[in-house]
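The values are calculated or read from the model by the stated rules, or taken from the named source; none is laboratory data. All of these numbers come straight from a predicted model, not from anything done at the bench. FYI the Cβ positions are ideal-geometry reconstructions off the backbone, even for glycines, and counts take in every protein chain you see.
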Amino acid sequence: MLNIPSTQFNTSIEAPATVPADWLALGVWADEPDTGPVAGLVSELRERGDFSAKHLELVPIFNPAGVAAQRLLLVGLGQRAGANRAALHAAAAAAARHVTGKKVGTVAFSVPAPEFTLAVGVGFAQGCQGPGVRKTSPTRFAPGHVLLLGGNAADLPRVRAEARALWLARELVNAPPCDLYPETFAVVAADAGRATGFDVEVWDESRLAAERMGSLLAVARGSARPARLALLRYTGDPGGPVLGLVGKGVTFDSGGLSLKPTDGMVDMKCDMAGAAAVLAGTQAVAELKLPVNVLGVLALVENMPGGKAMMLGDVLKARNGKTIEVLNTDAEGRLILADALSFAAEHTDRLVDFATLTGACMVALGTETAGLMTNDGEWGETVLGAVTRAGERAWKLPLDASYDGLIKSKVADMRNTGGGRWGGAIAGGKFLEQFVGQAKWVHLDIAGPAFAESESAALDAGGTGCMVRSIVEMARTFSGERSG
C-alpha cells in the first residue's frame, strides 16, 4: 500500500567539481560572492541578470564545463543572515523537485556549511517524493543515492531517520481512503514498530468499549469500518518520565450527518495527518535510539453518515466520565481526542496532541502555521522552541478562562462546538483541555500546514509530513531537559 523511497544518504569530503554525479546542486548566497567550482559562471549569470540567488531560485546548466557531473543546478539560498533550518530545508526540497522528474542515479548537493547538513538532507528527502501514489506512470523518481558534499557525517543517522519518517507520514496522508482506514492504519503502525524497535498495542471495538471510550466509538458508529486505537510505546530510558504524543486519525471525514459539501470533502483523506505525524515521529525516535520514553496514542476512525451514525443532540460519555452534547457531527476530531487524551493523561504528565482540527485555525493563521494552545506556559514555550528549531512554524493562541463559555452546554458538561462564528480554533482547544487532567499539555492544530492544496516551489500538493521533524526535536529536548 505504501511506496517508501529507498534513497541512500551519505556525506563526502570530495571536491564538488570532481564528483561524477547525474546532478550537482550548488547553493549560492544572494549577498556573498560565490567561491565554488563555477564561480566565474555564477558571476557572469549575475552580471547578465539571469541569476540573483534569491531564495528558491533555480538555474539548471546542462553539460557544464569544469565539473564532472553531467548537469549542474544553481540553487538560490537567499540572504546569508536569514539562513536557518527552514530556509535551507525549503531550498533543498525545491532543488530535489527540479531534478527528480526523470530517473537519476546519484545527486550530489554541496552543503553550504556543515551545520546545514540536517536541513539539506531532510529537505532533499522532502522534495524527492511526490504525491502521485497511484499513477501508472510516475512523475517523480527518487534518486538511488544522495551525496551531501562537505556535510557533517555525525548528522547522517538523523538525516536518514527523519527522511524515512517524513516519507512514511506523507505516504499515509496521500494514501486513498479505500486503502487506508482504521484497521490498515493499525497494521502499518504494527509493522513500523517491529521494524524499528517500539511496541504497538491495538485496541478493537470490544476493548474500546471495555475501556469506556464512548466518545471515540460514537464517531465511528456510522462507518462500516470499525474504530481502532493504536498505542505506541518506545522505551529508551527505562524508569524515566514519559513524553505523551496523541494523534487525530480520522482516515476519512465526510462530516457525518453534518455532511460536508463535495469541495469540503475531497481532501478529507488528510484528516489523519496528526496520527501520521505521531507514528512517523515515534519511528524516527526509535530508529535513533534516543534516551527518552514515548507513549503515542493514535485514535483511528472513519466519520460517515450511516444508519447508526451519531446524531445531533446525542449526549456522549467520555472515558473520564464527562458528558458531551453533540451539536455538529463534523466537529468529530475533538471527540476522538477526548478519549485518547484521557488515556494518555493517566500515564504521563507531559502531553502534546496533533490534529487537523479546525478550519478556523487556517482562517486565523493561514496554511503554513500551526496554532498552539496550552494549559502551561513553560511547557508551551518548550514545545514551541522545538517546533522552531525543527524548521516548522507554530503560533500561540490564548486559552484562558475567559473562553470557557464557548463550549458551555445546557444539557451536558460541554458541547462539541463553539456555538458561533468566533474563536472556533480556541473553542476546539478549550474542549480538549477538559480531558488532560493534571497533565501539562500542548494542542497543535495543524489543519493548515498538514496538507497543501496546490504545489509550490518547495512543496508538492498533498501531505507535507508536517510535525514529524518537530516530534524528533521535542523528544531530544525532553530527554535533554530531564538529564540536565
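Results for (1) among the polar types (S, T, N, Q); (2) in contact with a Ser or Thr (Cβ under 6 Å, 6 or more places away or on another chain); (3) free of Cβ contacts under 8 Å to residues at least 12 places away in the same chain; (4) not assigned by TED's automatic domain parsing to the domain that holds Gly465, shown as yes or no for each residue.
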site: Asp353; (1), (2), (3), (4): no, no, no, no
site: Ala360; (1), (2), (3), (4): no, no, no, no
site: Ala364; (1), (2), (3), (4): no, no, no, no
site: Thr367; (1), (2), (3), (4): yes, no, no, no
site: Gly377; (1), (2), (3), (4): no, no, yes, no
site: Gly385; (1), (2), (3), (4): no, no, no, no
site: Arg389; (1), (2), (3), (4): no, no, no, no
site: Trp395; (1), (2), (3), (4): no, yes, no, no
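Does Leu56 satisfy the criteria of being assigned by TED's automatic domain parsing to the domain that holds Gln126, within 35 Å of the chain's Cα centre (by Cα) and of a type in the set (A, V, I, L, M, F, W, C)? Criteria met by Leu56.
For segment 456-467, check the following and say yes or no: at least one residue is more than 27 Å from Gln283 (Cα to Cα) and among the aliphatic types (A, V, I, L, M). Among the residues of segment 456-467, at least one is more than 27 Å from Gln283 (Cα to Cα) and among the aliphatic types (A, V, I, L, M), which makes the answer yes. Beta carbons closer than 7 Å, at least 6 apart along the sequence or on distinct chains, pair a first residue in segment 272-285 that is assigned by TED's automatic domain parsing to the domain that holds Leu298 with a second that is of a type in the set (Ser, Thr, Tyr) for Met272/Thr251; Ala273/Thr356; Gly274/Thr356; Thr282/Tyr234; Gln283/Thr196; Val285/Tyr234.
Kindly provide the set of residues from segment 444-453 that are in contact with a Ser or Thr (Cβ under 7 Å, 6 or more places away or on another chain) and assigned to a strand (DSSP E or B), ordered by number.
Step one: of segment 444-453, the residues in contact with a Ser or Thr (Cβ under 7 Å, 6 or more places away or on another chain) are 445-452.
Those that are in contact with a Ser or Thr (Cβ under 7 Å, 6 or more places away or on another chain) and assigned to a strand (DSSP E or B): Asp445, Phe451, Ala452.
The residue of segment 26-38 that is surrounded by the most Cβ atoms within 10 Å (Cβ to Cβ), among those that are among the hydrophobic types (A, V, I, L, M, F, W, C) and closer than 16 Å to Phe62 by Cα, is Leu26.
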